[in-house]
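J.: I have a structure here, written as structure tokens, and I will follow up with some questions on it.
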Amino acid sequence: MPKVSIDNLEIPYGVAYRSVRYPRLEFKTGNLLVIMPKGKKSAKAIVEKHKKWIAQKTSAISEALLRSRKKRLNLGGSKQHLKKLVLEFAGKFASKYDFHIKGFYFRAMNSKWASHSKNDNLTLNTALRYLPQRLIEYVVFHEMAHSVERRHNKRFWKTVELEFRNHKQMEDNLMAYWFIVHERAQTEGIH
């Protein structure tokens with residue numbers, strides 16, 4: 001496995017070739033993955049170009065791992081209860097902020113808590129049931145806010161701040177819980 005050297009640290013990374021237009025870097029599982037367009041040869045140049053971002057992300061993940069040791073999962077939450085909560089939150093936010101969502105889907109997801117499709121459907125990770133209720137509420141609002149703005153730009157975060165002024169703290173908590181859930185899924189088979 002290739003490695004990139006940053007501040008006396010050797011960070012291994014994987015490379016995947018996909019049908020994408022531009023290369024990108026991902027840390028979705030805590031490990032660096034370089035996504036390259038099919039036909040492109042060298043991921044090394046991309047990694048070298050983005051060393052600063054890689055260092056920042058590595059640091060954020062290390063901090064999240066430390067925070068995750070203090071977190072506890074809600075192991076009593078069922079998928080049915082999660083669905084009920086999500087629909088309750090969605091109803092509240094749809095009327096209050098005029099968000100438009102066509103449908104809600106629930107499934108195990110390996111790389112994110114939720115997604116908002118271009119058809120205005122929300123797919124939510126069933127592992128959300130292990131999180132505190134306020135974080136579930138945040139994820140629902142965050143995804144519904146994408147009906148106003150697709151990208152994570154200034155307008156999007158201003159929308160999120162209408163309900164969650166502490167969205168940075170919420171995002172930090174989500175990252176910490178991400179690692180706990182995935183560790184438990186590997187060791188105990190939850191998901």
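The values are calculated or read from the model by the stated rules, or taken from the named source; none is laboratory data. Note that this is a predicted model, so its numbers are computed, not measured. Here the Cβ positions follow ideal geometry from the backbone for every residue, glycine too, while neighbour counts run over all protein chains shown.
J.: Tally up the residues in the range 132-159 that are outside any loop (DSSP other than H, G, I, E, B) and of a type in the set (S, T, N, Q), please.
T.: So in the range 132-159, the residues outside any loop (DSSP other than H, G, I, E, B) come out as 133-145, 154-159.
In the following step, the residues that additionally are of a type in the set (S, T, N, Q) were identified as 133, 159.
Residues meeting the conditions: 2.
J.: For the range 37-73, name all the residues that are loosely packed, with under 13 Cβ neighbours inside 10 Å and not in a helix (DSSP H, G or I).
T.: 38, 39, 41, 42, 69, 70, 72
J.: While we're on this one: Condition (residue is part of a helix (DSSP H, G or I), surrounded by 13 or more Cβ atoms within 10 Å (Cβ to Cβ) and not aliphatic (A, V, I, L, M)) applied to the range 106-127: is it met by at least one residue?
T.: Yes - at least one qualifying residue is present in the range 106-127.
J.: Under 6 Å between Cβ atoms, at least 6 apart or on separate chains: pull out the pairs that start in the range 106-135 with a residue that is under 16 Å from residue 176 (Cβ atoms) and in the same structural domain as residue 179 (by TED's automatic domain parsing) and end on any residue that is assigned to a strand (DSSP E or B) and not small (Gly, Ala, Ser).
T.: Note: pairs meeting the criteria are 113/125.
J.: Kindly evaluate residue 161 against the criterion of being among the charged types (D, E, K, R), in the same structural domain as residue 108 (by TED's automatic domain parsing), under 26 Å from residue 72 (Cα atoms) and in contact with a helix residue (DSSP H, G or I) (Cβ under 9 Å, 6 or more places away or on another chain).
T.: Details: among the charged types (D, E, K, R): yes; in the same structural domain as residue 108 (by TED's automatic domain parsing): yes; under 26 Å from residue 72 (Cα atoms): no; in contact with a helix residue (DSSP H, G or I) (Cβ under 9 Å, 6 or more places away or on another chain): yes.
For residue 161, the condition - among the charged types (D, E, K, R), in the same structural domain as residue 108 (by TED's automatic domain parsing), under 26 Å from residue 72 (Cα atoms) and in contact with a helix residue (DSSP H, G or I) (Cβ under 9 Å, 6 or more places away or on another chain) - is not met.
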